[in-house]
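All remarks here apply to the structure that follows.
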Amino acid sequence: MAEWETDDSVHPLKEPYAAWRRDTRPAVEDPTRSIIPVILKVKSVDARLGFNEIAELLKKEQKNEEENGAPARFFISGLDRPILRERLESTPTKPVPDSLFRRLLPVYVLETAFDTKDGESSVFPFESENCEPWFIGAAIPNAISGLPDRDSADSGSTREDSSALAIIDDSFAFLNTRFVVEDESDPPKRISRFSRLRFQEGERVLDGKLISGAVLNRALMHDLLNKPRDLSEAELYQEPIYQKNRGDFVALDFTSSEHQPLAFSASHGTAVADAALTAFDEHNADGHELDLLGITIPKSATQDTSGQSLGTYLLLAMWQAIAWADELGSASLVINFSYGFTVGPKDGSSSLNTRIAELLDDQNKNEIPTALMVPMGNSALSRTVMSEKLAPDSTTSVFWVVEPGDGTPNFLELYGDTDTLRVTLHPPRGSYDKVSVNLDGRHRGQVTRLVDKGKTLAAVTEWNLTSESQWQSFGFFALGPTWDYGKASAGLPPGHWRIEVVNTSKTDSASVFGMIQRDDAAGTYPTQGRQSYFDHKDLGKAEPATQQVGAGTFGGPITRDRTASVFAYIKSRFVYTVGAGSNENGDQINGPTKRSRYASFGPKLDGTMDPHMTELADRSDHFSGVFYAGTYSGTKVPLSGSSIACPQAAGKLAAKPGNIGRCIAY
């Protein structure tokens, strides 16, 4: 019988999702073969000192591996080596780089290289006086397969009339004729509209080298596009491309996927890119030259219901997009990220939000105009948010309904504006004992786990908040899968898990705000995942005065307010939120006439409820989705949600880069 066990020591990791992942690591994963992405920041006055330290560290680790057989603890992707070389070769006559981007470099560190001292948080092993970790991401099992490295090639000087438009998504069917034009030669040659593409399906370490992906520049895409026409697109995707820097071949095989079949695997990113490109072409009255950039994130990240690894790859992809825009000489950059997740303090204080804001603000100050477009979210109807004001010495409770057959974990974050809350988790009747946690700041990082035969099934704890947060307390609750698809066996019991919140203060009221986490990318969440949700006895009950259910509530503490993605709370004027809209006429020609029923809303940090702009995501309430390019030429797929609305706004902004940083609405 499973029992609750409390660990009196503080968990070595400060981040709750990272702690859950470590505590529930599958037996097939070897922690000695997991790597952690880290973005290093050079902090010395002379930036070359910091980059020299990184280069020397690489040499030291490689030498240790060669001489002692010890595995290297520190890696840098071959894709990023040209940037490191360029920064190391800077001369004393060049000015010290002021911009943040030019002081950042992504690296990867073996997970076991992180040290734990006296129960404190993990210590970064390579910090020095000249460089420091700027962002530490989620661990990546290096057993995940990847594609061989290759360096990028062609570059150009600054072009004042050029706009870079970067799409960060799951995959791109770049041979689709939607992204191909023909030149004026005889016979005409086919040219890709993509300037750069980066493909990866997860990092892995092979023979001491980090394999992180493949980059295709225009020259390589030109070779593929102009191969004999008797090869189909499917065959061309599997054509080997010679790797000059490795002496081997890589094939971009779109026909296998652990996550989605081909018909959908490459279609989300392809449709998003098509939507952005269509909007750019339609609004490019000033004749800007376009640098279209495609950056994939591993599907393992899009399946991560915690959202932790998804956020890590967003920051890494933003760094890649900025590096390419700099290399190509683009005069402006618009980045589209059509994913989101719903939890977080939603006050701009999370480490991911603050780092994104810092990078964008610095980029616009010291480099080129740069904007990030993010979806507002699709969670207004999903019942994943609760909010209530508790009187002194009072109690509220809601049901957290967990579905059967859910192969993914479920997470609940609960925030309070006082340190007087006590939260009790009541499992479904007849399963396990209840467990309580006091959100009083005295036991932060001490985890209580539901353990069965050494396996963690669930966890509850109080975690620290950053000093910038408006909240005083933070409770974290994790429930494991209700079904193990690998073993075809039952997991945690599904049903109604009751969350009871007590304000223990005898004199002061307390506000409580809870959110259920999910990966909110329409169509790309795990096929084995099923959305958990809140339930309450007053659900749908009408207001006594008006006899209507309010627009912002479902009844009781369950609300539609603050269902917006956590990215809507980034404190930067260079981040734009885009909402999903529908058209009452049932067509795709005209823009939206109203907000889609499922579209999330605020209030955001400025107090406004709506996104910065709304684009068409549904032809009407009865005809869901809008059509854009599918995987193969001539095919169309209907996609709905703010993830397909977002690139339409991104394309328009890329065509009008003078609007970057302004309060705009389309």
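The values are calculated or read from the model by the stated rules, or taken from the named source; none is laboratory data. What you are looking at is a predicted structure, and each value in this text was computed from that prediction instead of being measured. With ideal geometry, Cβ positions are generated from the backbone for all residues, glycine too; neighbour counts draw on all protein chains shown. All accessible areas refer to the heavy atoms of the entire protein, side chains included, with ligands and DNA or RNA removed. Shrake-Rupley method; radii C 1.70, N 1.55, O 1.52, S 1.80 Å.
Go through the residues of segment 597-613 one by one and say whether even a single one is in a loop (DSSP other than H, G, I, E, B), open to solvent by less than 50 Å² (accessible area, probe 1.4 Å) and acidic (Asp, Glu). Scanning segment 597-613, I find no residue that is in a loop (DSSP other than H, G, I, E, B), open to solvent by less than 50 Å² (accessible area, probe 1.4 Å) and acidic (Asp, Glu), so the answer is no. So Ala617 ticks every box in (1) at pLDDT below 90; (2) within 14 Å of Ala279 (Cα to Cα); (3) crowded, with 17+ Cβ neighbours inside 10 Å but one. Which box is left unticked? Result: Ala617 fails condition (1) only. I need a count of the residues in segment 366-382 that are within 30 Å of Arg102 (Cβ to Cβ), crowded, with 24+ Cβ neighbours inside 10 Å and over 16 Å from the mean Cα position of the chain (by Cα). Total satisfying the criteria: 2.
Yes or no: Gln363 at pLDDT below 90 and either in contact with a Phe, Trp or Tyr (Cβ under 7 Å, 6 or more places away or on another chain) or open to solvent by 20 Å² or more (accessible area, probe 1.4 Å) (or both)? Break it down stepwise before answering.
Values: at pLDDT below 90: no; either in contact with a Phe, Trp or Tyr (Cβ under 7 Å, 6 or more places away or on another chain) or open to solvent by 20 Å² or more (accessible area, probe 1.4 Å) (or both): yes.
No, not satisfied.
Among the residues of segment 624-636, is there at least one that is in contact with a Gly (Cβ under 7 Å, 6 or more places away or on another chain) and either surrounded by fewer than 17 Cβ atoms within 10 Å (Cβ to Cβ) or among the β-branched types (Val, Ile, Thr) (or both)? Yes, that holds for at least one residue. There is at least one residue in segment 156-176 that is farther than 23 Å from Ile335 by Cβ and at pLDDT 75 or above.
Of all residues in segment 389-400, those that are under 30 Å from Ala488 (Cβ atoms) and either among the acidic types (Asp, Glu) or open to solvent by 10 Å² or more (accessible area, probe 1.4 Å) (or both) total 1. The residue of segment 315-352 that is most open to solvent (accessible area, probe 1.4 Å), among those that are within 16 Å of Lys571 (Cα to Cα) and aliphatic (A, V, I, L, M), is Leu352.
Condition first: over 25 Å from Leu13 (Cβ atoms), among the aliphatic types (A, V, I, L, M) and open to solvent by 20 Å² or more (accessible area, probe 1.4 Å). Now tell me which residues in segment 463-501 satisfy that. Within segment 463-501, Ala488, Ala490 qualify.
Restricting to segment 43-79, name every residue that is β-branched (Val, Ile, Thr) and either buried (at least 20 other Cβ atoms within 10 Å of the Cβ) or part of a helix (DSSP H, G or I) (or both).
At the first step, the residues of segment 43-79 found to be β-branched (Val, Ile, Thr) are 45, 54, 76.
Ile54, Ile76, listed by residue number.
For segment 435-491, a tally of residues being closer than 19 Å to Ala19 by Cβ, aromatic (Phe, Trp, Tyr) and out of contact with any Leu (no Cβ under 7 Å at 6 or more places or on another chain) returns 2.
Could you grab me the full set of residues in segment 186-195 that are open to solvent by 50 Å² or more (accessible area, probe 1.4 Å) and farther than 22 Å from Ser332 by Cβ? Can you show your working first?
Here is the first cut: in segment 186-195, the ones open to solvent by 50 Å² or more (accessible area, probe 1.4 Å) are 186-189, 191, 193.
Within segment 186-195, Asp186, Pro187, Pro188, Lys189, Ile191 meet the criteria.
Screening Thr395 with (1) under 32 Å from the mean Cα position of the chain (by Cα); (2) modelled with pLDDT of 95 or more; (3) closer than 12 Å to Ile499 by Cβ gives one miss only, at (1). Scanning segment 56-98 for residues that are of a type in the set (Gly, Ala, Ser) and farther than 14 Å from Leu40 by Cβ, we see that the one that is modelled with the lowest pLDDT is Ser90.
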